[in-house]
Amino acid sequence: MSHVAPTPSRRAFLGGLAGVALAAGLSGCATGRGAQEVSFHQSKPEAIPYFGGLVQDFNQQASGVRAVHDTSSGLSAGFARGNPPDLGCLNYNYEIVRFQEQGAFSDLADLAGEARIAPSIQDLIDQYPTYPGRTSVIPYSMMAAAVLYNEEIFAEHDLQVPTTYSEFLEVCGALEEAGVTPVYSTYADPWTVAQGLVDYSVGGRLDVAEFFEQLRAQGPDAGPEAPVSFSRTLREPLEKMLEIAAFSQAGAASRGYGDGNVAFARGEAAMYLQGPWALGEIATINPDAQIGIFPLPMTEDPEDLKVRVNLDLALWVPEASNAQEPARELLRYLITPEIADAYNQDNLAFGVREDAPAVQDARLQDLQGFVDRAAFYQGVSQAIPRTIPFENYAQGIVTGQSLEATLRTLDEDWARLARRSETEA
Amino acid sequence: MTTATTSPRTADAPTGVSPRSRPAPRRRPRADRVYLWFLLPTLVLFTLSITMPAVMGIFYSFTDSVGFGEFNFVGLNNYLVMFSDPAILSSYGFTIGVALCTVILVNVVALTLAIGLTSKIRAKTALRTIFVMPMVVSGIIIAFVFQFIFANTVPAAAQALQLGVLEESILADPDLAWISIVLVTAWQAVPQAMLIYIAGLMTVPRDVYEASAIDGASAWKQLRSITLPLISGFVLINVIIGFKDFLGTYEIIVGLTDGGPGTSTRSVAMTIFSGFDNGDYAYQMANSTIFFLITLTIALIQLRLTRGNARI
């Protein structure tokens, strides 16, 4: 799953602390015994059983190393105590990037060679602040997201998948005229607004990576009046986003992710701006639902179509780990083509190797072409440090707060953060 | 801080009694030592899990630490930036406003219930049990249940009854979402305040009411001139403890609005907590230091006020 709960509950946090304490105790016990223990941190909920199986297989064939599957420890607490997991396999986002930026991960350059990562996917890592001269992270799995649509509803109303912005608006208009809700939106969960409407609209309109590169280059001179700013650059795509958002069902502001999956699965709306992680639940609710995917067109040129991607899983070995060699052994096992390809097929994800096989799931096949020619972008919501409550801002915009004022706040937040990093550096 | 107000007294009471019954002067210090042993585990745990992390947190607030690894001292920079950060200032405004509203609501409702439940009515025990139930349910569960009620049940009912205003969920309205937080926090906090009031009402001697009844005082007059003055100490306790607790509201907001819509319901505690996982460790430590000073001030006021009141 690409989303991360904005704030872990206090209980999860305390549980994490307890887990770390326990792990510390266990690893203490393990030293001196025959097999060396490797704590393997992997907490993507849907993939826990799968990786549990992989860890078991690994333990059976590896000699001298025993992997322990850790699904719940708090990362921040682990690093703060100097006791992080030995091998991490997590969503690559700002939570991970801040460790990378500080040089908390060891150099995996040699293993990166073995992993044979496709250059376009390696770029996704480098779009974030990295630690100079080091391969801190090895991508493992990539997810591609676009607009999910109900094929039956489209066929019933004789609609074609739109490839330009005006076609998209026509489709929405036709559906509305026919009494069908064009888009199901779930504003009650801020992340769904940020990762869906906002990311698709901005990513389909401009080069997100380039925008942030320019923004960062301005350093503390950023702000609403700077040459490159959220206010200037994002305004036009987000105004279009509001046009699209207006086609949402009534009462979207009090509907959450769970409601959205149920409603879309039952055919209550024609389109749903969610990632492939929702497909599993949709299929559970309605196994007969015919779902297709297309990238949100934001320009008048079909050549501009792009899909939103994120590195759903990436591997790293902390500098502070006391079991780096065994951790690398486990990493080497996980990146073996058979193991990695099987995982990605099983989890509706795209492989990251140069020669990764095409995705087999019928619903995702329409996206393979975009992935192959690297017509993809990482969402704007994922490029903003999480200390700025961007998801909440996104929610504010679609629930009626001023776009202009919100973008101004965002610019000021960004500049404040840049100034703070400046004085601290 | 509440433990600090009560524990010296409970510890004093037996030692105060012992010299009277057994005048031997050597006994006193020995008895004290036993009580010290009782205090030790709590003292050690408190120091390890509260005092030390707090001191470390204050220390880090003068650095640029991200929670791990190397850091530099930045003096008062975090504090200076903080006071010009609109996100932090608005979270203080929101938190204090919500705490004030909740405190008023909780005390009005709790006192009303307590008066009702100490009067001569049937099924008093059963009713008390029912009213105390919210206390035993975890806050996050309460929040999720009410989230459903506010998002679905209330709008559906409002539609059926043609009440225009409530047809849209108040959770989705940036200007009204705070009301839901006040209501739910109060719903959870009323029982505790009510129990304190029931205890308080029982300390008021019955004959005072009888005397006033003979003099022809109405029920309202009795409440204003007898009950309220005689339980004023309990009102004070409820108001101050409540206010302090409501400043730290966290899980109810997470479950209800998650700080939204937009950032209209982000509390100080949420802002601080988000810093821990988002690399803003030192900065939010500065925030929590200020927050700590505010709560400390309230606690000191409480200590001072309650010490002056011999009734409790």
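The values are calculated or read from the model by the stated rules, or taken from the named source; none is laboratory data. Treat the numbers as computed from the prediction; the structure is a model and nothing was measured. Every residue, glycine among them, receives a Cβ derived from its backbone with ideal geometry; neighbour counts consider all protein chains shown. For accessibility, only protein heavy atoms count, side chains too; no ligands or nucleic acids. Shrake-Rupley method; radii C 1.70, N 1.55, O 1.52, S 1.80 Å.
Points to keep in mind about this one:
- Any chance A:Asp57 is open to solvent by 20 Å² or more (accessible area, probe 1.4 Å) and either in contact (Cβ under 8 Å) with a residue 24 or more places away in the chain or under 26 Å from B:Gly69 (Cβ atoms) (or both): no
- Scanning segment B:205-233 for residues that are part of a helix (DSSP H, G or I), open to solvent by less than 30 Å² (accessible area, probe 1.4 Å) and touching a residue at least 24 places away in the same chain (Cβ under 8 Å) yields B:Thr227, B:Gly233.
Conditions (1) outside the structural domain of A:Glu404 (by TED's automatic domain parsing); (2) of a type in the set (D, E, K, R); (3) surrounded by 17 or more Cβ atoms within 10 Å (Cβ to Cβ), marked per residue:
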| residue | (1), (2), (3) |
| --- | --- |
| A:Lys240 | no, yes, yes |
| A:Arg266 | no, yes, no |
| A:Pro276 | no, no, yes |
| A:Gln290 | no, no, no |
| A:Ala327 | yes, no, yes |
| A:Ile335 | yes, no, yes |
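- Checking every residue in segment B:135-152 against the condition of being within 30 Å of B:Arg304 (Cα to Cα) and open to solvent by 20 Å² or more (accessible area, probe 1.4 Å) gives at least one match.
- Each residue in segment B:263-291 was checked for being of a type in the set (Gly, Ala, Ser) and more than 7 Å from chain A (Cβ to nearest Cβ), and 6 pass.
Listed here are the residues, each with its yes/no results for (1) surrounded by fewer than 19 Cβ atoms within 10 Å (Cβ to Cβ); (2) under 25 Å from A:Ile138 (Cβ atoms); (3) among the polar types (S, T, N, Q); (4) modelled with pLDDT of 95 or more.
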{"position": "A:Ala270", "(1), (2), (3), (4)": "no, no, no, yes"}
{"position": "A:Asn286", "(1), (2), (3), (4)": "yes, no, yes, yes"}
{"position": "A:Pro295", "(1), (2), (3), (4)": "no, no, no, yes"}
{"position": "A:Met298", "(1), (2), (3), (4)": "no, no, no, yes"}
{"position": "A:Asp301", "(1), (2), (3), (4)": "yes, no, no, yes"}
{"position": "A:Val307", "(1), (2), (3), (4)": "no, yes, no, yes"}
{"position": "A:Gln324", "(1), (2), (3), (4)": "yes, yes, yes, no"}
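- Complete set of residues in segment A:70-105 that are away from chain B (no Cβ under 11 Å), small (Gly, Ala, Ser) and open to solvent by less than 10 Å² (accessible area, probe 1.4 Å): A:Gly88
- A:Ala155 vs. criteria modelled with pLDDT of 95 or more and surrounded by fewer than 24 Cβ atoms within 10 Å (Cβ to Cβ): yes
- First in segment B:125-138 and farther than 9 Å from B:Gln188 by Cα, second anywhere and loosely packed, with under 11 Cβ neighbours inside 10 Å, Cβ under 9 Å, 6 or more apart: B:Leu127/B:Ile121
- Matching residues, segment B:143-195, being among the charged types (D, E, K, R) and assigned to a helix (DSSP H, G or I): B:Glu167
- Condition check for A:Ala252: within 14 Å of another protein chain (Cβ to nearest Cβ), buried (at least 21 other Cβ atoms within 10 Å of the Cβ) and in contact with a helix residue (DSSP H, G or I) (Cβ under 7 Å, 6 or more places away or on another chain): no
- A:Asp259 fulfils the conditions (1) open to solvent by 10 Å² or more (accessible area, probe 1.4 Å); (2) out of contact with any Pro (no Cβ under 8 Å at 6 or more places or on another chain); (3) closer than 26 Å to A:Thr299 by Cβ except for a single criterion, (3).
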